[in-house]
Structures are given as structure tokens and as C-alpha cells.
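What follows is a single structure, written as C-alpha cells, with notes after it.
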Amino acid sequence: MDTEILARIQFAFTIAFHYIYPPLSIGIGLIMVIMEGLYLKTGKKAYEVLTRFWLKIFAITFGIGVATGIIMEFEFGTNWAVYSKYVGDIFGSALAAEGLFAFGLESTFLGILIFGWNRVSPKVHFISTIGVFFGSMFSAVWIVVANSWQQTPAGYHIVGEGLSARAEVTDFWAMVFNPSSVDRIIHTWQGAFLAGAFLVLSVHAYYILKGRYVEISKKAFKIALAVATVVSFTQLLSGHSSADGVAVNQPAKLAAMEGHYDKSAPADLYAFGWVDDENQKVTGLGIPGGLSFLVHQDFNAPITGLNAFPEDERPGQVNAVFQFYHIMISIGLFLIALTFYASFLWWRGKLFETKWLMKIFAFSVILPQIANQVGWFAAEMGRQPWIVYGHLRTSEGFSQEVSSNQIVFSLVLFTVVYTLLLILFLYSLNKKIKNGPYDEAKNELEII
């Protein structure tokens, strides 16, 4: 197989596996802040028990996330040397900011959070919980800023030519607030909130169905459902804003997302379909002119299509981009319907008696994870053939001295190690869930 393709597969595999954990950390962090805040406000022991329980799961997730994320930094230097040199000044400042303002904040307060129970005051412990949550959010900010700069470069100039060319920061804040960063940061945060909230919903729906920890689980479920209901809807709004930005800054990507080929014509909006790239048509169910309406509020407004770009300057896997994008949208709409219906039943006082809905929530934990993954796939594959949009091609960014055999060997090794880490994570998570928030021998009424 081609060395470039292998290098892309390896990086896609490592980042996809790593991206299971940081969103969970961010989402669980938000839930813990709410739970501990309610404990301080009400003094009810149940919220302290829930905070302690989810802190244990947070710590597992955080540890695996750190372990799986380190390897990507080495891949920049081994497989993507030209790219690393080109973006070193940009990424150096962003990743340094992450280490200083995010990871340091998160790891410092995490020590107090884990070992500070009964050693610091409840208010100091709560501040530590907030510090861990904000640290995880700031970490996402700088990673997304770096990636967004690849999508919409700003605040830089190019020094040198050919293989010696590299981007240098001329305006740090213009680099940080590049045209796509704010929309993408908000959308990423919301995806993380949903990942954490649905893990909480899944675990406590399971407890309710099994008749274990029922009263305390109802409290946790309501907290997570409130978060999921608000965030699932607002994520639709941030996604629309992000798509508007793509229409302006990366029109070829937008065209690939909806399989739109005509150079300048009204574009349909598909619920689902299949792209025939050879014949340049989409077979599926769509709204005629729907994309034109979303972008320009006019069903007849022209949208720039793939044929407006040279073949070597547009995504090569149009159907893959189309499918990943629509899977993300479909899951997002389903989560909105699910959470709004559950909230309606909550209002009617029938939520926890609706067993079939509890079963859906018990298995729904996987849906935000799938949406987060395919959303990233659509964004990154839609950027192709550019590794830095409009400046550096992916084919020019990988290390010429690395052989395909070396990449295959390391990919197999990573697969083995990451599989073991996943098994360890699932085993530890399952053990914590089976043990539950507290000893079942205790009287639940004393905790509630």
C-alpha cells in the first residue's frame, strides 16, 4: 500500500482511538460540577455520593486519555516531518498554551479532587472540581485551534520556499481566532458534553432497569438529561453556524458533504443517499434546493459545486465524506428527539415508568461517540487534498524517508497496545459500575 495512505491510516487510527476519552472527560467534568454544586447548595448526601462515584470514572478516563494522546506527538515527527516543520511555529505556540493553561491546570486540581476529600473544605474541593473541568475544556480549545488553523489559516506568513517553507505566526490572536476556530470549539465542546451526559444516562438507566440504586439514579439521570436536552438542541445551532463557515471558507468541502457537483447551481439537502462519483449524481431522499436555503435562505440560490475546482484540489472520497457527514447529522437529530421526548415524560411524571425508553438510554452511550468520530472524519477527509488548506498538500507533508514496512509494523504494534488499553478501560469501567455508587448494604434513605 502507498506510504502516504498508510501514514494517514495510522494517524487516523491513533487519533480516533484517543478521541474516545477526552470528550468523556469534559462531559463527565460538567456533570460532576453540577452534582457537587447541588451538594453544596442542598447538603444532600446523595449528590456527594454521586460526585465521588463519577470522579472514579473520570480518573480512569483521564488516565487512558493521557496515555493514548502522547503517541500522536511522536507521529508528527516520524511520519509527518515536512508537515511538522511547516506548522511548527503555529502548533508550537498552541500546544505550549495547552500545556501551560490547560493540562497543568487540570492535573494540578485533579490531585486535590481525588485526594482532597476530608482534607480540604467543601468549597475548596468544589473549586478544584471546577478547575479540572475548565482545564479539560481549555485543553480542547488549543487542540481545536491548531486543527482549525489547518482548515482556515490566519495570522501568519510563509518563510522560505519548497521543502524549507514554513509558516510563522505574525498575529497570535488572529491565529487563535481564525475563521473556523470559534464555531468548531463550541461544536466540539457540545459533542463532549453529550458524550459525558449519555454515559451518565446509560449507567443510571441500567441501574433503574435492574432495580439497583433507584432513587439516587433518578437524581443523576435528571441532571444528565437536562444537560443532554439543552446541548443536543444547541449543537444543531452551532453545527449550522459551522456549516455556514465551511460554505465561505471551504466550499469544496461543503459540496462534498452534500454530493453537489454543478459548478454553480441550487443544491439539494439530503437526509440520506449514495454518491456515484463517476456519474456525478446522488441517489437518495433530499429536499430540492434545501442546502441553498440553509446557506442563503433562498431555494434557488447557487452553491459552488465540485466541478468548479480542479480534480486535484477537491476531496477524492466524496461518498465517504457524504456518508460520515450524514451519519453525524442523523445521530444529532435522533438525540434531540430522544431527549426532548424523555423531558416531556419527565414533565408528565412518567419518565422512569417507561421501561422501553430506559432501555434505549442504556444503550445510547455509543451514539455521541459515533457522531464525534464521523464528524471528525468528515471534516478531515473533506479538507483533502490539503493538509494545510490551500498551502500544503497532504502528499507533500509526510516523511519521505519512512518506509511502508515501518509504518505497517508500528501500526500493528499500536493496534495491539491500544486494544489492550481499551480492554483495560472497559474492564475498569465495568468494575466501577458493578460496584455502584455505594455499598448496597447501606440504607438508601440515609443517603437520599
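I'd like to check something: does the stretch 381-397 contain any residue that is within 30 Å of Lys56 (Cα to Cα) and touching a Phe, Trp or Tyr at 6+ places or on another chain (Cβ under 6 Å)?
Keep residues of the stretch 381-397 that are within 30 Å of Lys56 (Cα to Cα), which gives none.
Among the residues of the stretch 381-397, not one is within 30 Å of Lys56 (Cα to Cα) and touching a Phe, Trp or Tyr at 6+ places or on another chain (Cβ under 6 Å), which makes the answer no.
Looking only at the stretch 108-119, decide whether some residue is surrounded by fewer than 18 Cβ atoms within 10 Å (Cβ to Cβ) and aliphatic (A, V, I, L, M).
Checked against the condition, which is being surrounded by fewer than 18 Cβ atoms within 10 Å (Cβ to Cβ) and aliphatic (A, V, I, L, M), the stretch 108-119 yields at least one hit.
Could you go through the stretch 438-445 and let me know if any residue there is modelled with pLDDT of 80 or more and in a helix (DSSP H, G or I).
Scanning the stretch 438-445, I find no residue that is modelled with pLDDT of 80 or more and in a helix (DSSP H, G or I), so the answer is no.
Restricting attention to the stretch 140-156, which residues are in a helix (DSSP H, G or I) and either surrounded by fewer than 23 Cβ atoms within 10 Å (Cβ to Cβ) or β-branched (Val, Ile, Thr) (or both)? Steps first, please.
Narrowing the stretch 140-156 to residues in a helix (DSSP H, G or I): 140-151.
If the condition is that a residue be in a helix (DSSP H, G or I) and either surrounded by fewer than 23 Cβ atoms within 10 Å (Cβ to Cβ) or β-branched (Val, Ile, Thr) (or both), then Ala140, Val141, Ile143, Val144, Val145, Ala146, Asn147, Gln150 are the ones that fit.
Taking the stated definitions as given, is His204 over 22 Å from Gly27 (Cα atoms) and surrounded by 20 or more Cβ atoms within 10 Å (Cβ to Cβ)?
For His204, the condition - over 22 Å from Gly27 (Cα atoms) and surrounded by 20 or more Cβ atoms within 10 Å (Cβ to Cβ) - is not met.
Just give me the residues in the stretch 277-322 being free of Cβ contacts under 8 Å to residues at least 24 places away in the same chain and crowded, with 19+ Cβ neighbours inside 10 Å, in sequence order.
Gly289
Residue pairs, Cβ under 6 Å, 6 or more apart or interchain, first in the stretch 51-75 and without any contact (Cβ under 8 Å) to a residue 40 or more places away in the chain, second surrounded by 17 or more Cβ atoms within 10 Å (Cβ to Cβ) and among the charged types (D, E, K, R). List them.
Close Cβ pairs (under 6 Å, with a partner that is surrounded by 17 or more Cβ atoms within 10 Å (Cβ to Cβ) and among the charged types (D, E, K, R)) do not exist here.
Residues of the stretch 418-433 being exposed (fewer than 14 other Cβ atoms within 10 Å of the Cβ) and either closer than 16 Å to Thr68 by Cα or β-branched (Val, Ile, Thr) (or both), which ones?
If the condition is that a residue be exposed (fewer than 14 other Cβ atoms within 10 Å of the Cβ) and either closer than 16 Å to Thr68 by Cα or β-branched (Val, Ile, Thr) (or both), then Thr419, Leu420, Ile423, Leu426 are the ones that fit.
The conditions are (1) in contact (Cβ under 8 Å) with a residue 24 or more places away in the chain; (2) farther than 30 Å from Leu426 by Cβ; (3) part of a helix (DSSP H, G or I), and Gly259 fails exactly one of them. Which is it?
Failing condition for Gly259: (3).
Every residue in the stretch 60-107 that is over 21 Å from Lys432 (Cβ atoms), surrounded by 16 or more Cβ atoms within 10 Å (Cβ to Cβ), charged (D, E, K, R) and under 21 Å from the mean Cα position of the chain (by Cα), please.
Residues satisfying the conditions are Glu75, Glu98.
Looking at the stretch 204-227, can you tell me whether even one residue there is more than 22 Å from Trp347 (Cβ to Cβ), free of Cβ contacts under 8 Å to residues at least 60 places away in the same chain and either outside any strand (DSSP E or B) or of a type outside the set (Ser, Thr, Tyr) (or both)?
So far as the stretch 204-227 goes, yes, one or more of its residues are more than 22 Å from Trp347 (Cβ to Cβ), free of Cβ contacts under 8 Å to residues at least 60 places away in the same chain and either outside any strand (DSSP E or B) or of a type outside the set (Ser, Thr, Tyr) (or both).
Across the stretch 16-30, which residue is nearest to Ala371 (Cα to Cα) among those that are β-branched (Val, Ile, Thr) and in a helix (DSSP H, G or I)?
Ranking the candidates gives Ile26 first.
Going through the stretch 157-194 one residue at a time, which ones are without any contact (Cβ under 8 Å) to a residue 12 or more places away in the chain and part of a strand (DSSP E or B)?
Val159
Confirm whether Lys41 is modelled with pLDDT of 75 or more, over 23 Å from Thr188 (Cβ atoms) and either out of contact with any helix residue (DSSP H, G or I) (no Cβ under 8 Å at 6 or more places or on another chain) or crowded, with 19+ Cβ neighbours inside 10 Å (or both). So that I can check it myself, show each step before the final result.
On the way: modelled with pLDDT of 75 or more: yes; over 23 Å from Thr188 (Cβ atoms): yes; either out of contact with any helix residue (DSSP H, G or I) (no Cβ under 8 Å at 6 or more places or on another chain) or crowded, with 19+ Cβ neighbours inside 10 Å (or both): yes.
The answer is yes for Lys41.
Can you find, within the stretch 352-377, the residue that is surrounded by the most Cβ atoms within 10 Å (Cβ to Cβ) among those that are part of a loop (DSSP other than H, G, I, E, B) and without any contact (Cβ under 8 Å) to a residue 40 or more places away in the chain?
Thr354
The values are calculated or read from the model by the stated rules, or taken from the named source; none is laboratory data. Small disclaimer: the values here were computed from a predicted structure and weren't measured. A quick note on method: Cβ atoms are made from the backbone with ideal geometry, for glycine too, and the neighbour counts reach across all protein chains shown.
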